[in-house]
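A short write-up of the structure that comes next.
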Amino acid sequence: EESQQIYEDILVGRDESSKQYSVVPFLDVIWYGNEAQKRMALSKMTSRFHPSFAPAFKKALGDKSNSIRIQAATAISKIENQFMSRLMKLNQLHKEQPKNPVISLAIAEHYDDYAFTGILDDDRERDNRAQAFKHYQEYLNLRPTDTETHVKIGRLLMRGGEPMRAIDWLRQSIERGHKSPALMNWYAEALFACGRYSELRQMAQEGRWKLDAEQMNPVLAE
């Protein structure tokens, strides 16, 4: 509705000017801004949360101003509550419809997103990755031909610092007939992360993955 659009424009600052100006990164505002600017930045980060904001939130938690520290902690708590509220609703739906693939995928993606918000400690991030992996597999048991979800699991393993597991998973996916540019890119990334350059070269030579010569890492050209 128009009223909602106006409210959102005011909230994120789109109404401030019709001209476009370069936006100072939120982290720079937290580092160098005055207290009013920091409060405004935290409010906007909270209303339009994105994982890339996590370093700014963490910096704000250690700010010299007590009010900024409290606002940052409150914002993080609000974001976590939003995630948990949605998770509770998804779990209730899953309990009612345990064989519904759409719900299984939604839960998996929710855990995946939560794991990489950047606001969790290592243990909670690891637990959320494990839950995401579990529900992605549950979804694939219902819809095994979904290549995109095979990619998401490979990405989950890579982002969690497990390139060897990612290689095994993605290779098995390829052997089962799953093919997509994203899948091959993550497979190549996993091979590179493990230093398996000969396999990466062979993969390119066989035409299974097209390398842009301008983007090749120098080590591959040796």
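The values are calculated or read from the model by the stated rules, or taken from the named source; none is laboratory data. What you see is a predicted model; the values in this text were computed from it and never measured. Heads up, the Cβs are rebuilt from the backbone with ideal geometry, glycines too, and the neighbour counts pull from every protein chain shown. These accessible areas exclude ligands, DNA and RNA; they are computed on the full protein's heavy atoms, side chains included. Shrake-Rupley method; radii C 1.70, N 1.55, O 1.52, S 1.80 Å.
For this structure, a couple of remarks:
- For segment 63-168, the residue among M158, Y114, A75 whose Cα projects farthest onto the positive side of the dipole built from Cβ charges is A75.
- Point-charge dipole on Cβ atoms (K/R +1, D/E -1) for segment 47-94, about Cα centre, debye to 20: 80 debye
- With every protein chain in place, segment 31-164: carbon and sulfur % of accessible area (1.4 Å): 53 percent
- Sites S65 and W31 - FRET efficiency at Förster radius 22 Å, r taken between beta-carbons, to 0.05: 0.95
- Using heavy atoms of the protein chains and a probe of 1.4 Å, the accessible area assigned to R165 is about 110 Å².
- Full-stretch length increase - D168, A73 - with 0.36 nm per residue and alpha-carbon distance subtracted: 30.2 nm
- Diffusion coefficient (Stokes-Einstein, Kirkwood radius over C-alpha pairs, 4 °C, 1.567 mPa s) for segment 147-211: 114 µm²/s, rounded to a whole number.
- Theoretical gain in end-to-end length, E80 to S43 [0.36 nm per residue, Cα-Cα removed]: 11.8 nm
- For H50, solvent-accessible area (1.4 Å; no DNA, RNA or ligand), Å²: 100 Å²
- Label-point separation, D113 to E206 (7 Å along Cα→Cβ), nm: 3.6 nm
- Taking θ as phi - 60° and the Karplus parameters 6.51, -1.76 and 1.60, the scalar couplings of segment 74-80 work out to 5, 5, 4, 4, 5, 4, 5 Hz in sequence order, x denoting glycine and proline.
- Note that segment 36-116 presents 54 Å² accessible area per residue, ligands and nucleic acids not counted, probe 1.4 Å.
- Unsatisfied cross-links (Cα-Cα over 25 Å) in the set K95/K179; K134/K179; K89/K152; K78/K152: K95/K179; K78/K152
- Shape parameters for segment 63-131, alpha-carbon atoms, Rg then Dmax in Å: 14.8, 51
- Heavy atoms of M84: accessible area, 1.4 Å probe, square angstrom to 10: 80 Å²
- Rounded to whole numbers, the Karplus 3J(HN,Hα) couplings from phi for segment 175-187 are 5, 7, x, 7, 9, 6, x, 5, 4, 5, 5, 5, 5 Hz, using 6.51 cos²θ - 1.76 cosθ + 1.60 with θ = phi - 60°, and x at Gly and Pro.
- Phi to ³J(HN,Hα) by Karplus 6.51 cos²θ - 1.76 cosθ + 1.60 over segment 67-73, Hz, x for Gly, Pro: 5, 5, 4, 5, 5, 5, 5
- Solvent-accessible surface ranking, highest first, for L27, L105 at 1.4 angstrom: L27, L105
- Efficiency of FRET between N91 and Y197 - r from beta-carbon atoms, R0 41 angstrom, step 0.05: 0.40
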